[in-house]
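The structure appears below as structure tokens.
Just so you know, all these numbers are worked out from the coordinates, no wet-lab data involved. Keep in mind the model is a prediction, meaning the values are calculated, not measured. No Cβ is skipped: glycine too gets one built from the backbone with ideal geometry, and neighbour counts run over all protein chains shown.
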């Protein structure tokens, strides 16, 4: 045995209940080849192996980020992008100062996109209407992508640059808000309409992809993540992602269901296409998640313009069922963004109907986020063989305002215990770049 690397000198967590810890681990060619006592592993490795002393630090298996967006995070690193996410700009004053500075130094006509605009954590921020953005940047296309990516705004020049006008059809599962005359107001809801409104700065060139994507993957690896789920891959960019010969992490990609698919390789051991992603509803932070109850009438909800309102599903049950049938027949996995209980019921109905027509024992259909999923719904999902990926970071970042928006229901937000009690196999995620890390 001629292993390249032996790690020892600290507790090694194996995640094997029969042998939960070890003294040493040997790795060769990216594969773990031996785990056990220090003496046994060193004896197998031989004298030529490199030995790394952990210095008493623990060694854990790599983390799996079940739901991330490396492609979107990569685009946030591009030229013309103004990052104002809350960890970058904690106050409204810092947000506006950064935006004004970027506009002041931009060339006339240069397109700019603000990412991470979010009023819940910085309540002094105004809604970035078309008129407000026209005032901020009268000489430049200026667009805003909400921190959730489920809403976007553009000034007059940004809309013109994106080709958005009264004759522009609403993309599948999304829409442009229009006035009584049918003219777009400058606000877009849901993906891909929001990405269209966000404009050119998010469109990374093929020459930029290798560098920016490598930086994004390296950030995951630095946090201990060794596998990441890409939950919104634009199918047309698939060849660029496959061209990354040695990514720092393994990537499992779900293409967007409402963007035209493009034929291409399925991938290899490090980057592989595994299925399709669908957004059944929107975001609780912009009023577009589909729940059976309205938002509370509070100062916070009134400021957001959602008091007493309910969101709606982006698709009918028949449309979701058709997508599930297509994916099941192709042997693909299905990941469905579903936050409100109304959306979750619709998706479970569609999955059940599809499975009756195309039965699959190990279909691995997954619900994403599940923020207000009930115990009854978790039990039904378990019966259907559906798994759930839970967005616990919602509570960390927005927990202080949840009660203002949802009242007592906020106490059951992302009920992981209910999922486990129902027998659901769960994963946890951070949804980067919606959260900072």
- What percent do you get for the relative contact order of the chain when only Cα pairs under 8 Å and 6+ apart count? 12 percent
- Item | Relative packing of 205-212, 367-374, which averages over residues the other C-beta atoms within 10 Å, highest first | 367-374, 205-212
- Query: If you take the square roots of the eigenvalues of the alpha-carbon gyration tensor of the stretch 72-157 and sort them as a ≥ b ≥ c, do you get rounded (a/c under 1.5), prolate (a/b over b/c) or oblate?
  - Reply: rounded
- Message: On the Cα set of the stretch 334-437, report Rg and Dmax in Å, please.
- Response: 13.9, 44
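Let me make sure I get this right: for the stretch 204-361, a, b and c are the square roots of the gyration tensor eigenvalues over alpha carbons, sorted descending. Under 1.5 in a/c it's rounded, otherwise prolate if a/b > b/c, else oblate. Which is it?
Oblate, because a/c is 1.5 or more while a/b does not exceed b/c.
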- Message: Of the candidates 199, 182, 163, which one comes out as most mobile in a Gaussian network treatment of the chain with C-alpha springs shorter than 10 Å?
- Response: 182
- So which residue, out of 232, 160, 290, gets the largest mean-square fluctuation from a GNM of the chain using Cα contacts under 10 Å as springs? 160
- Task: Rounded to whole Å and sorted largest first, list the principal axis extents of the Cα atoms in the chain.
- Result: 78, 53, 44
- Relative contact order for the stretch 200-325: what is it in percent, counting Cα pairs under 8 Å that are at least 6 residues apart? 17 percent
- Note on the structure: Most packed first (mean Cβ within 10 Å per residue), the peptides 127-135, 274-282 order as 274-282, 127-135
- Query: Where is the GNM fluctuation largest for the chain (alpha-carbon springs, 10 angstrom cutoff): 187, 356, 250?
  - Reply: 356
- Query: Rounded if a/c is under 1.5, else prolate if a/b beats b/c, else oblate: with a ≥ b ≥ c from the C-alpha gyration tensor eigenvalues square-rooted, which is the stretch 5-61?
  - Reply: prolate
- Which ordering of 148, 427 is given by a fewest-first count of other beta-carbon atoms within 10 Å? 427, 148
- Note on the structure: When 136, 405 are ranked with the fewest other C-beta atoms within 10 Å first, the list becomes 136, 405
- How do the peptides 339-346, 99-106 rank, highest first, by the average count of neighbouring beta carbon atoms within 10 Å per residue? 339-346, 99-106
- Message: Give the separation of the Cα centroids, the stretch 90-130 to the stretch 302-352, in Å.
- Response: 32 Å
- Item | Structure-based [θ]222 nm, the chain - -39500 (n - 2.57) summed over DSSP H runs of at least 4, per residue, nearest 500 | -9000 deg cm²/dmol
